[in-house]
Amino acid sequence: MISGLFCYFFRAFCCECTICDAKDDWLIETETRNGERGAGWLQKRGKNAAVWSKRYFTVTDTKLIYYTAMDRSTMKGEIVLAGACARDSTTRASSRNTAYYFTVSHPQCGVRELCAKTDNRRQQWIAKINDVASELDRSGGMFGKLLKQGGLKKNVWQERWCIVAGRTLDYFEAATDNQSKGAIDLLNATLREFTQKDKQCVEISAAVAGKKGMKKYVFAFDKDSDKSRWMEALKKASQPPSMDGTVNGSNPLLNNEALPRGSISQSFAELSSISLDKQMSGYLLKKSPNKMIGWQKRFFKMLPNGDIAYFKTEEESQKEGSSEARGTILLTELLPDKDVEVNGKTYEMLLRTRTKDYHLKASSLDEARSWADAIEAAVVAQSFISKA
């Protein structure tokens with residue numbers, strides 16, 4: 001108490017000790033939602049103006065995404081992390097107890113300046129960003145310039161800065177842009193290499209949520225020497241992983257291998273844990289059948305049997321029984337020949353059942369895919385149990 005008062009009245013003679021530091025037990029994982037690895041408030045310096053804005057940031061498996069509010073309803077921009085590096089700012093001195101600056105730099109995307117409230121928060125953000133960037137580098141991600149065939153007649157070659165991270169190909173008009181021009185879900189996409197005049201090209205046929213058939217995208221390699229590296233990254237991203245996270249795993253839920261005798265009596269939760277780290281839950285937007293109502297915020301929770309109940313609030317979901325649920329999506333009602341459709345631009349999910357369609361919207365593409373993966377894994381697990 002006395003030492004704190006001394007520091008307050010004699011700030012001009014600050015000795016840089018730790019007495020004045022307020023206790024900060026904040027953790028970057030506390031406010032995360034499904035598909036996120038970190039979340040919290042930061043100050044961000046504008047790209048073209050020396051204006052600092054308060055933004056709510058989330059770290060996913062591939063990007064740093066920022067919003068205007070904590071509800072993640074309005075995305076302002078994204079920062080790709082493949083090839084990026086976060087570190088304490090070397091050009092801007094931190095103001096003790098008020099601002100702790102750091103940067104996220106990329107050899108092609110440039111430098112983004114951010115500011116945390118405490119040094120503890122700054123160091124957690126730096127560590128989390130660098131962890132994700134290192135994982136992406138080890139996974140064989142690829143980024144650089146490609147030529148994309150576009151225009152009204154699809155006959156114009158447009159230079160785009162592209163990045164393959166996870167199982168998505170994002171393309172930007174320029175490397176320094178805050179938002180992508182589009183995203184292609186590469187999972188189960190087909191690739192066809194061909195030559196068009198003097199260009200080495202690849203045609204990507206990928207599914208688009210809400211549309212029948214496959215949409216075709218044509219890219220040409222900026223440099224012939226980069227072709228093999230781009231194709232390796234594209235093929236790796238398009239190959240469906242097994243439920244245990246490996247490409248050709250031996251998960252019995254995928255390849256129908258026999259389970260040990262007696263394991264059939266396992267509960268659904270025990271069996272599905274082979275493929276799921278935890279049962280999914282979190283807030284999503286649900287589109288009401290009544291057009292006058294539109295989108296409504298609901299708390300969704302995957303039940304032990306795989307069904308998905310939704311509530312008005314998280315508090316309702318924690319009460320005993322299911323009487324508080326506003327509705328339940330039954331796993332057995334989902335059409336077996338229809339995957340969960342994910343829109344890479346709007347983060348909307350379409351679940352088709354025998355009686356109705358459910359339109360849901362996540363706050364990020366990674367969150368939408370996490371839900372889609374969990375639902376499809378639950379369907380496979382339940383189908384296996386019923387056949388057994």
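Of note:
- Among the protein heavy atoms, those of residue 145 account for about 100 Å² of accessible surface (1.4 Å probe, every chain in place).
- Accessible carbon and sulfur surface of the range 75-116 relative to its total accessible area, %, 1.4 Å: 47
- Summing Lys and Arg as +1 and Asp and Glu as -1 over all other residues whose Cβ lies under 15 Å from the Cβ of residue 50 gives a net charge of +4.
- Under the combined filter of DSSP loop state and at most 14 neighbouring Cβ atoms within 10 Å, the range 126-190 retains these GluC sites (Glu not before Pro): 173.
- Gained length - residue 295 relative to residue 88, 0.36 nm times residue gap less alpha-carbon distance: 70.4 nm
- Cross-link pairs 148/345; 148/235; 44/76; 54/117; 199/223; 63/212 - those with Cα-Cα distance over 20 Å: 63/212
- Label positions at residue 288 and residue 352, each projected 7 Å from the Cα along the C-beta direction, are separated by 2.7 nm.
- Cα extents for the range 192-236 along the principal axes, largest to smallest and rounded to whole angstrom: 37, 25, 14.
- Legend: calculated FRET efficiency, residue 191 to residue 318, from the Cβ-Cβ distance at R0 = 45 Å, rounded to 0.05, equals 0.45.
- The HN-Hα couplings worked out from phi for the range 186-194 by the Karplus form 6.51 cos²θ - 1.76 cosθ + 1.60 (θ = phi - 60°) are 7, 4, 6, 6, 9, 10, 10, 8, 7 Hz, whole numbers, x standing for Gly and Pro.
- Compared with the direct C-alpha span, the chain from residue 178 to residue 199 gains 4.7 nm at full extension, assuming 0.36 nm per residue.
- Working from Cα pairs under 8 Å separated by at least six residues, relative contact order for the range 141-213 is 18 percent.
- A simple spin-label model places the labels of residue 98 and residue 228 5.6 nm from each other, with each point 7 Å out along Cα-to-Cβ.
- Shown for the range 134-180: the carbon plus sulfur share of the solvent-accessible area, taken with all protein chains present and a 1.4 angstrom probe, equals 46%.
- In plain terms, the chain from residue 54 to residue 26 could stretch by 8.3 nm, reckoned as 0.36 nm per residue minus the Cα-Cα distance.
The values are calculated or read from the model by the stated rules, or taken from the named source; none is laboratory data. In this text the structure is predicted, and so the values were computed from the model without any measurement. Counting neighbours? That spans all protein chains shown, and the Cβs are built from the backbone with ideal geometry, glycine included. Quick note on the areas: whole protein, heavy atoms, side chains included, nothing else; ligands and nucleic acids left out. Shrake-Rupley method; radii C 1.70, N 1.55, O 1.52, S 1.80 Å.
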